[in-house]
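Structure record follows, encoded as structure tokens.
The values are calculated or read from the model by the stated rules, or taken from the named source; none is laboratory data. Please read all numbers here as calculations on a predicted model, not as lab measurements. Note that we place each Cβ from the backbone using ideal geometry, even for glycine, and neighbour counts take in every protein chain shown. The area values use the complete protein model at the heavy-atom level, side chains included, leaving out ligands, DNA and RNA. Shrake-Rupley method; radii C 1.70, N 1.55, O 1.52, S 1.80 Å.
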Amino acid sequence: MSSRGWGQQRPRLKTTSIFRSEVMSLVQLYIPSDVARYTVSQLGEMGLIQFRDLNQEVSAFQRSFVNDVRRFDEIERKLRYLQSKIVESDVDIYDFLDDEFVTAARGPRDIDEMEERINAHEGRVLRLTAAYKEMQLKHVELIENKHVLEEVSSLFTEISGRQTGTPRPAGGRVSATGPLDS
């Protein structure tokens with residue numbers, strides 16, 4: 001076989017697999033940090049490369065991407081909250097996303113847009129939940145006020161009936177519009 005130059009491609013094997021018997025080459029890539037995310041994403045999507053961590057002695061909190069991990073943890077928490085509210089409200093969710101869309105790597109702009117949308121949805125759900133709780137409290141308060149008014153009306157009807165000599169209805173309770181069924 002003749003030697004290959006930089007411009008020539010290596011002949012592709014019949015199948016690629018992850019077994020040890022597969023022909024592999026160990027290479028070291030130096031990628032500028034401004035394009036590293038995109039480059040690694042594209043290489044990962046090809047499925048023909050395996051990455052090795054050369055900074056094993058560095059703890060997770062000392063790595064340069066720890067802020068991204070925290071950011072994604074926060075996004076994941078928000079998605080779990082939204083999912084719990086969806087389940088709690090018994091809302092039907094339709095799966096319209098294909099596997100390719102779900103597993104595709106996202107660029108920084110896409111992630112920022114998704115984060116903004118998730119934040120907006122979470123804020124809206126939080127506001128709606130707070131408004132719902134407030135409405136429930138108002139509802140209970142209104143029911144309580146209704147019962148108080150019914151009792152006061154009954155009391156006033158009874159007092160006015162004593163003064164005029166009109167007997168009280170047999171049902172016992174009286175509303176402003178007439179007897180109430182107990």
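Numbers below:
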| item | result |
| --- | --- |
| Residue satisfying condition, being over 23 Å from Ala36 (Cα atoms), of a type outside the set (Lys, Arg) and surrounded by 12 or more Cβ atoms within 10 Å (Cβ to Cβ), within set Val66, Val125, Val91 | Val125 |
| Subset of the stretch 113-122 [surrounded by fewer than 11 Cβ atoms within 10 Å (Cβ to Cβ) and closer than 19 Å to Arg70 by Cβ] | Glu116 |
| Of all residues in the stretch 94-109 being assigned to a helix (DSSP H, G or I) and modelled with pLDDT under 85, the one that is nearest to Thr39 (Cα to Cα) | Pro108 |
| Test: residue in the stretch 151-174 that is at pLDDT 90 or above, part of a helix (DSSP H, G or I), open to solvent by less than 70 Å² (accessible area, probe 1.4 Å) and not β-branched (Val, Ile, Thr) | yes |
| Whichever residue in the stretch 19-69 is among the basic types (Lys, Arg) and modelled with pLDDT of 75 or more and, among such residues, is nearest to the chain's Cα centre (by Cα) | Arg37 |
| Unique match (being without any contact (Cβ under 8 Å) to a residue 60 or more places away in the chain, assigned to a helix (DSSP H, G or I) and open to solvent by 100 Å² or more (accessible area, probe 1.4 Å)) among Phe72, Phe61 | Phe61 |
